[in-house]
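Please read the structure below before turning to the comments.
The values are calculated or read from the model by the stated rules, or taken from the named source; none is laboratory data. These numbers were taken from a predicted model, which means no experiment stands behind them. When we count neighbours, we look across all protein chains shown, and the Cβ atoms used for this are built from the backbone with ideal geometry, even at glycine.
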Amino acid sequence: MNTILTSATPARGNVIRQDSHYAWYVVFLLTFAYTVAFIDRQVLNLLVDPIKLDLLLSDVDISFLQGFAFMSAYIICGPLFGRWADSGHRRNILVFGVTTWSICTVLCGMADSFWELFLARAGVGAAEASLAPVAWSLIADYFTKPRLPRAMSIFLLGPSLGAGLALVAGGLVIAFAADLIELIPIFSSMSTWQVTFMMVGFPGLLLALLLFTVREPTRTSFSGEPSTDDRSFTIPEIAQYIWQDRAFFLRVFVGMGMLAIVIYGLPTWMPSYLIRHFDANPATVGLQYGVLVLTCGALGIVLGPSFGRLLQRMGYQDSALRSAAICCAVVTVGCVLLPFANSYALTLCIAAVITFFYALPQAMVASSLQFASPNRLRGIISTLYLFMISVCGLGLAPSVIAFVTDKVLGGPEHVGTSLAIVCTFSAAVACWLYVRALKPYRAKLAQMEQEN
């Protein structure tokens with residue numbers, strides 16, 4: 001049943017019918033924004049060689065542009081946008097963020113030096129940090145509790161779609177950019193990579209205009225009723241709130257961080273394992289494993305809420321986290337079996353199972369945090385959650401696996417064993433943490449329901 005929310009005063013929000021067609025329109029618009037964000041951050045990976053040639057950069061310089069410039073700004077600005085999303089006009093924050101990262105992507109195409117490109121990339125990272133906390137908070141107010149996991153699963157498709165489109169369509173955009181240089185005089189003095197950045201950035205400015213069709217909804221409480229709590233939490237109050245329920249929050253944060261090591265570590269090193277161990281063709285591996293990750297990952301994210309509802313119909317009120325514990329157990333078993341697969345095809349099958357099950361609980365875990373957080377803390381809670389994913393997944397996973405391969409096991413031929421050791425340990429710890437979080441999660445849900 002749809003729920004109509006009204007605000008006590010116009011400043012607090014618009015009249016919104018939860019779970020309505022318009023609410024789904026907003027989710028698809030936010031998903032499109034997430035997709036565009038990932039295209040803007042990933043397109044650099046396709047332009048490495050021409051950028052190195054024009055700006056006289058080394059591989060180390062490029063790695064700083066790909067990683068440090070973007071992630072440092074993203075991590076620093078994430079909490080700031082999280083706090084802003086909990087107290088400000090979320091639609092306008094999102095319009096600001098999308099406009100800024102799109103302009104910074106265009107500025108990447110105008111860079112003539114390493115530092116100009118570095119600052120532009122940092123601008124992209126800083127502005128993209130606005131998207132997740134705003135989207136999490138908006139989606140929680142646009143949907144009732146039963147529909148929230150499904151809405152989150154659609155939104156979380158954005159990274160998969162963006163990464164896939166950046167690879168699939170990126171080559172076409174680069175080729176079109178080369179044609180524009182020959183056809184349009186204004187571009188004649190520019191390099192192909194510069195025009196490509198500009199072409200990728202401009203659609204985001206159109207998206208920013210489209211985002212003005214998103215109405216700021218009334219903020220809602222745990223029960224789905226309009227929230228009467230308009231206070232803004234101070235940093236000590238935020239820390240105290242999380243610490244009081246640390247048995248739930250910290251276990252979920254760290255649990256998702258450990259699972260993120262599998263989510264990011266496996267795709268980073270699996271192609272190398274397939275190429276080295278089975279002497280496979282790199283182009284074939286790239287195509288087959290790339291399609292596997294995109295399809296199994298997307299399917300897992302979309303089906304996650306259905307798995308959660310199945311557990312709930314079986315009587316488990318903690319289905320959001322219980323599904324994560326079950327999936328992590330399956331991922332653990334898959335990682336154990338990975339180095340024992342004696343054929344290329346069997347290895348891909350095991351990788352497909354792992355990919356599906358590490359994607360399956362992501363929307364449910366995200367929803368559990370929204371269920372357990374007051375409205376005015378959803379932005380900062382989502383930021384802390386994504387901070388753990390970024391640090392463990394993007395920061396630690398590739399390096400830890402490489403360290404175990406080279407320094408512990410003694411050579412690149414052992415990358416499969418290294419993958420199995422690191423991912424098995426990480427998935428097992430994640431499973432244990434989620435199991436330990438079930439009881440405090442049930443207690444937190446009961447507390448939130450009683451208070452509302």
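Brief remarks follow.
- Tyr344 under 24 Å from the mean Cα position of the chain (by Cα) and either in the same structural domain as Glu128 (by TED's automatic domain parsing) or modelled with pLDDT under 95 (or both): no
- Ile301 being assigned to a helix (DSSP H, G or I), without any contact (Cβ under 8 Å) to a residue 24 or more places away in the chain and crowded, with 16+ Cβ neighbours inside 10 Å: no
- Subset of the range 429-452 that is crowded, with 16+ Cβ neighbours inside 10 Å and small (Gly, Ala, Ser) - its residue that is farthest from the chain's Cα centre (by Cα): Ala437
- Of the residues making up the range 45-60, at least one is within 19 Å of Ser160 (Cα to Cα) and in contact with a helix residue (DSSP H, G or I) (Cβ under 6 Å, 6 or more places away or on another chain).
- Those residues of the range 28-61 which are surrounded by 15 or more Cβ atoms within 10 Å (Cβ to Cβ) and small (Gly, Ala, Ser), in sequence order: Ala33, Ala37
- Inside the range 110-137, residues that are over 16 Å from the mean Cα position of the chain (by Cα), over 18 Å from Ser72 (Cβ atoms) and buried (at least 24 other Cβ atoms within 10 Å of the Cβ) make up a count of 0.
Rundown of residues vs (1) within 16 Å of Gly265 (Cβ to Cβ); (2) hydrophobic (A, V, I, L, M, F, W, C); (3) in contact (Cβ under 8 Å) with a residue 12 or more places away in the chain, yes/no style:
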| site | (1), (2), (3) |
| --- | --- |
| Val336 | yes, yes, yes |
| Ala345 | no, yes, no |
| Phe357 | yes, yes, yes |
| Leu360 | no, yes, yes |
| Met364 | no, yes, yes |
| Phe371 | no, yes, yes |
| Leu377 | no, yes, yes |
| Ile380 | no, yes, yes |
| Ile389 | yes, yes, yes |
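- Residue identified as surrounded by 18 or more Cβ atoms within 10 Å (Cβ to Cβ) and polar (S, T, N, Q) among Ser399, Ser426: Ser426
- The residue pairs whose first member lies in the range 89-112 and is on the phi < 0 side of the Ramachandran plot, whose second member is of a type in the set (Ser, Thr, Tyr) and surrounded by fewer than 21 Cβ atoms within 10 Å (Cβ to Cβ), and whose beta carbons are closer than 9 Å, counting only pairs six or more residues apart or on different chains, are Gly109/Ser191.
- Test result for Phe81, part of a helix (DSSP H, G or I), surrounded by fewer than 23 Cβ atoms within 10 Å (Cβ to Cβ) and of a type outside the set (Ser, Thr, Tyr): no
- The number of residues in the range 268-298 being touching a residue at least 40 places away in the same chain (Cβ under 8 Å) and either under 14 Å from Ala352 (Cβ atoms) or of a type in the set (Asp, Glu) (or both) comes to 11.
- Scanning the range 62-78 for residues that are closer than 14 Å to Glu128 by Cβ and buried (at least 17 other Cβ atoms within 10 Å of the Cβ) yields a count of 8.
- Test: Tyr74 is assigned to a helix (DSSP H, G or I), farther than 19 Å from Ser382 by Cα and among the hydroxyl-bearing types (Ser, Thr, Tyr): no
- The one condition from (1) more than 22 Å from Ala363 (Cα to Cα); (2) aliphatic (A, V, I, L, M); (3) surrounded by 16 or more Cβ atoms within 10 Å (Cβ to Cβ) that Val408 does not meet is (3).
- Some residue of the range 157-178 being more than 20 Å from the chain's Cα centre (by Cα), of a type in the set (A, V, I, L, M), outside any helix (DSSP H, G or I) and at pLDDT 90 or above: no
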